[in-house]
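> Dropping a structure here in C-alpha cells format, bear with me for questions.
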2 protein chains.
Amino acid sequence: MLSLDSHTQYLNRLKDNGLKLTPRRQAIIHLFMGSAVHLTPEEVWKKLHQQFEKCGLPSVYRNLESLVECGILARIQLADRKKHYGLCTVGHEHHHHHITCIKCGRVDEISDCPLTNITEINGYQVLNHFLQMSGICSHCLEN
Amino acid sequence: MLSLDSHTQYLNRLKDNGLKLTPRRQAIIHLFMGSAVHLTPEEVWKKLHQQFEKCGLPSVYRNLESLVECGILARIQLADRKKHYGLCTVGHEHHHHHITCIKCGRVDEISDCPLTNITEINGYQVLNHFLQMSGICSHCLEN
DNA sequence: ATAATAAACAGAAAAAGTTTCTATTTAGGA
DNA sequence: TCCTAAATAGAAACTTTTTCTGTTTATTAT
C-alpha cells in the first residue's frame, strides 16, 4: 500500500539531486510504485509505450540509472543477463526478499529480512542488499 | 590452498554426472583451483589459449555451465554485464558473497556469511542463497 | 587394441541486451 | 517569455552470449 506522500517524496528527491521532473521519470516512478516488485528496462519501456507514443529505450536506460543515483531505485542482479530495478531499498516499506522452491518453482516472500540491521561491513557503508534464497517448500517436503 | 584430493574429487564428480573428462574441462577446473576467486568466461578463455592453440569461446561457455550443473562451479552475479563463475557454493569452503561500491564499482568479498545458520524459513528447507550487497566503500566515504 | 557412438569441439554467424552518438526538444530558472 | 543545460528519439555501434554446422575426441563395448 503506497501513499501519495511517498510518491511526492520521490519526486522531491529528483529535485534535490538536480534532476528534472520529466513526464517519463514521473511515469517510471509511478510504474514502480503501482505495480511490480522489480522490472527490467525493457519491461519499463513496454509499459511506457502505452502512455507515450514516442519513447526511446535509451531514455529508459538513462532514467533508470538516474533514479538509482538519487536513491529512488535499486539495481538488482538476477540470474539472467538483463538488468533489474526495483523500489526494494533497505528501509523502504516494501523491502523484502524471495525464496524459490527448486522442486515446484513456487516463489514466496521472506518478510522478515535477516539483514536489515547490517549497516556496515568490510568498511563499507551498506546502502542496499539483495537476497535470494532457494530450497524446498513445505508442500514439496511432505511428498 | 587446495589439495590434490579435492581436484580428483571434482574430476570424479564429472564422471558421476555422465560428463566426459576432457582436457579443456580439466584445465578449467585446474584454473579455478589454482588462481582467482571468480572468473568471467572471457578470462577463462584467455587463460586456456595459453595451453590450447585451438580453443573456442563457445566451448568455454558450455563447459562453465556444465560445471555449474554438476556442482563444481557456482554462477555469481556481479554488477557488470558479464557472467562470473567461482568455486563458491554453500557448504563449500569458498562460500562467500560480494559487496559492490555504487560510486567506484569496486567489488569486495564478504567472507563472513551472515546467513549460513539459516536452514529453515517460511516453511522452506533452505538449501542455497545468493546475497549481494551494495554501498559506499571506505575509500569513497573519505572523499 | 580397435571400432562405434555420443558428447565435445571450433569457427562462423546470429541474437540479445546495452551504450554511444547526433540532432532535436523540453523543463526550470532568469 | 527567453535562455540554457538537461533530456529525448532514433539510429547505429558495441559487448556479451547463444545457436548452428560440420568435425574431432573421450569413452564404452568389442
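The values are calculated or read from the model by the stated rules, or taken from the named source; none is laboratory data. Computed from a predicted model, the values in this text were never measured in an experiment. Note: ideal-geometry Cβ built from the backbone for every residue, glycine included; neighbour counts use all protein chains shown.
> Within region B:106-143, how many residues are surrounded by fewer than 19 Cβ atoms within 10 Å (Cβ to Cβ), facing another protein chain (nearest Cβ under 8 Å) and not in a strand (DSSP E or B)?
Number of matching residues: 7.
> Name the residue that is farthest from DNA strand C (Cβ to nearest atom), counting only residues in region B:37-53 that are surrounded by 18 or more Cβ atoms within 10 Å (Cβ to Cβ) and modelled with pLDDT under 90.
So the residue we want is B:H38.
> Condition check: near DNA strand D (Cβ under 10 Å from one of its atoms) and away from chain B (no Cβ under 14 Å). Does A:V44 satisfy that?
Criteria not met by A:V44.
> Does A:V60 count as more than 9 Å from DNA strand D (Cβ to nearest atom) and free of Cβ contacts under 8 Å to residues at least 60 places away in the same chain?
No.
> Suppose we filter A:G56, A:G18, A:G34 for residues that are on the phi < 0 side of the Ramachandran plot and within 11 Å of DNA strand C (Cβ to nearest atom); which single one remains?
A:G56
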